[in-house]
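The values are calculated or read from the model by the stated rules, or taken from the named source; none is laboratory data. None of these values were measured; they are calculated from a predicted model. Because the Cβ atoms are built from the backbone with ideal geometry, glycine has one as well, and the counts that use them run over all protein chains shown. Please note that ligands, DNA and RNA were not included when accessible areas were found on the heavy atoms of the full protein model with its side chains. Shrake-Rupley method; radii C 1.70, N 1.55, O 1.52, S 1.80 Å.
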Amino acid sequence: MKNLNFLHYCYLFLSAFILFSCEEESITDKEPQDLNKTEEKIMDFGVSENELLKSSTFLNSFKTYKKSQNLNNDIPINNLINRLDLNNAYYHKDKRIEVLNVPFKTFGNYKRVLFSYTKSNKNTNSFILTYPDPMNDSEFYVSNIEGELLQRVNFDQNGHSTIESYIFNTLEKNGEGCTETVYWVCTSGEHSYEYENAGDCTFWHDSSGTPPRVSTFPIDCFGTGGLGTGGSEGGGGTDGGTGGVTSGPTGGDGSTPPSLTPEECLENLDCEDCGLPMDLNKDCNVSYDEAHFATFLESLNRNEKYSLRNNTRLYESTLSYLISKNHTTDSRNFSYSALLAVMDGGDVDFENEIIKDQSFIGIKADCVLEELINTGNNLFKRTSEAFTDNRSKYRIKFTTYNESSDSADARTAMPDSNNVIEIRININRTGLANNSNAIDLAALILHEVNHAELHRIHLSNNSGPNPLPTAKFEWFEKLWRLYDNPLNSEPPQTTSEHYYMSRHMIDPIAYSVREYDKNLHNIENYLFFAWQGLEEYGKSSGQITQQELNDLAWLSNAVTHDSYNSPCD
């Protein structure tokens, strides 16, 4: 991640000759210019096609661009050169660095600039700068040559910048990193905050040309270099915090390519639509929501990005979901888990914030789950609401497993690294195949969702939206501590939660199962379904006897043998 820091540094060269350290010749002592005299440019612009063809910086940039866009290898380099405004290009080369800053001739009303440089003949770093307003060089976006959005830069009237980053910055997260001050000279190339003569620029008096500007930003302290092209990552580099960097103004106005037609434009490069990365509404600007979505995309690896971008429904649903949740960390974690599930053939319900594994989709338990959701089952709704609408950081995923040696009908895991609690249905167990009763599966799902809620209650220290009464919570936590020892054959959550449910959740589950069954019978006919999976805990704690369980099982026959068929049976 150090290389990402250097990206903050790289784009700020922009277009001119460059000073790298305090050892460069200073012009601080130059005489102030006559304030009544218009700024006169002393910087040379313009580069020939022959110079470009000899420039390793340009050749490396072209090579990487073709690769990133999957362009045919036999496309001639002139295809790109013809799109460049060579008259307004800046090109500089010395023993330490080769710098190229050249505008594109575009079909749209915006300005786009290719900025590339190679340090010490090692590594080429290339960036695309996009100016939404071609007449305003105080605001622009920075993308890498592969088309990923990196930053938005804004200068105020005093020449100071505000930088909005669209990439994760590990060094900043870890409290590390140094700062680098970057200076832009005015139109003449002579006045700069670094030279301590910025006030002599005539821009301040007649607004002619461009003013001097200054910006401070984090860089890698260790000078490992930036993300490059045409070579290995991490070449070159600059010493962190060892003086400023001076750069000149940017040329070019985004004029139209005279020898090409709009149909021949290159997407995201010179077409009428500027194709700014993450500009979803095509206005050549990136909004708050678009920017945060770009940050989410930057957290994905190459395969994950490809999968998301090539699944229109998932892409749009993920964006809408993140916007609705204001791009919280919890919503990003859920979106990431959802993406992984979909990549593996699963699905996601963004409205109810439930993930389904491929193995769960289409089985009878899936049908029952949907019926519990769509009918607004009271207990399911109350128990599961803590996993939706940012009420907690936890979410639920349904999946299956097939284990004949496991006596459990299902198991509910503790949260994973993305705070997703996985409810796993054991399809090997008798009665849990697709010919099982829907009402049994309804009871099972209600049982497991209660496990998920009790996981959350324990981990969150009884936080809302539905905390336990204090006495019940303290008793539950006492059970957890009691069974959190190597002598217990089950994990502490299994034993403590089963004892809690056998004492406090039998009636709520029974009423919920009755609700699922359209309230067709008396509550006594549904108690047996609530006791399933809790029988031994109820007997050992004196909550129920085996004879009482037998009687309840007989009463449940009225439910399983009536004429009503669930939509899932």
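Report the full-extension gain for the segment residue 205 to residue 466: residue separation times 0.36 nm, less the Cα-Cα distance, to one decimal in nm.
On the way: separation 261, 0.36 × 261 = 93.96 nm, distance 6.45 nm.
That works out to 87.5 nm of additional length.
If you stretched the chain out fully between residue 324 and residue 312, how much longer would it get, using 0.36 nm times the residue separation minus the C-alpha to C-alpha distance?
Numbers: separation 12, 0.36 × 12 = 4.32 nm, distance 1.82 nm.
Extending this stretch completely gives an extra 2.5 nm.
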Testing the spin-label approximation: label points 7 Å from Cα along Cα→Cβ at residue 488 and residue 555. State their distance in nm. 3.0
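Residue 504 to residue 408: FRET efficiency via 1/(1 + (r/R0)^6), r the Cβ-Cβ distance, R0 25 Å, to the nearest 0.05?
Values: r = 21 Å, r/R0 = 0.83.
The value I calculate is 0.75.
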Gyration tensor (alpha-carbon) shape descriptor, segment 365-510, a/c threshold 1.5: oblate
Under 8 Å for C-alpha pairs, at least 6 residues apart: give me the relative contact order for segment 361-467, rounded to a whole percent. 30
Give the shape of segment 459-499 as rounded, prolate or oblate, defined through the alpha-carbon gyration tensor: a ≥ b ≥ c are the square roots of its eigenvalues, a/c under 1.5 means rounded, and otherwise the shape is prolate if a/b is larger than b/c and oblate if not. prolate
Based on the Cβ-Cβ distance of residue 94 and residue 196, what FRET efficiency does E = 1/(1 + (r/R0)^6) give at R0 = 25 Å, to the nearest 0.05? 0.50
Checking the table 95/122; 364/518; 63/282; 397/518; 111/305 against a 21 Å threshold on Cα-Cα, which pairs fail? 63/282; 397/518; 111/305
Percent antiparallel among DSSP beta bridges with both residues in segment 305-432, to the nearest 5? 40
For segment 336-375, which whole-number percentage of the solvent-accessible area (1.4 Å probe, protein heavy atoms only) is attributable to carbon and sulfur atoms? 45
Heads up, segment 99-146 by the C-alpha gyration tensor (a ≥ b ≥ c square roots of eigenvalues; a/c under 1.5 rounded, else a/b over b/c prolate, else oblate) looks prolate
Kindly provide the pair-distance distribution of segment 377-433 built from C-alpha pairs, with 10 Å bins from 0 and whole-percent values in order of increasing distance. 22, 42, 30, 7
Residues with amide H under 5 Å from that of residue 398, placed H, sequence gap 5 or more: 355, 356, 357, 423
Sorted on mean Cβ neighbours within 10 Å (highest first), peptides 313-325, 460-472, 98-110 come out as 98-110, 313-325, 460-472
Along the positive direction of the dipole of segment 477-569 (beta-carbon charges: Lys, Arg +1; Asp, Glu -1; about the Cα centre), which of 510, 556, 522 reaches farthest? 510
Which percent of the accessible heavy-atom area of segment 418-569 goes to carbon and sulfur, probe 1.4 angstrom? 49
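Return the FRET efficiency for the residue pair residue 361, residue 48: r is the Cβ-Cβ distance, R0 is 45 Å, and the value is rounded to the nearest 0.05.
Numbers: r = 61 Å, r/R0 = 1.36.
With R0 = 45 Å, the Cβ-Cβ based efficiency is 0.15.
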Residue 478 versus residue 163: modelled label distance in nm, points set 7 Å from Cα along the beta carbon direction: 5.8
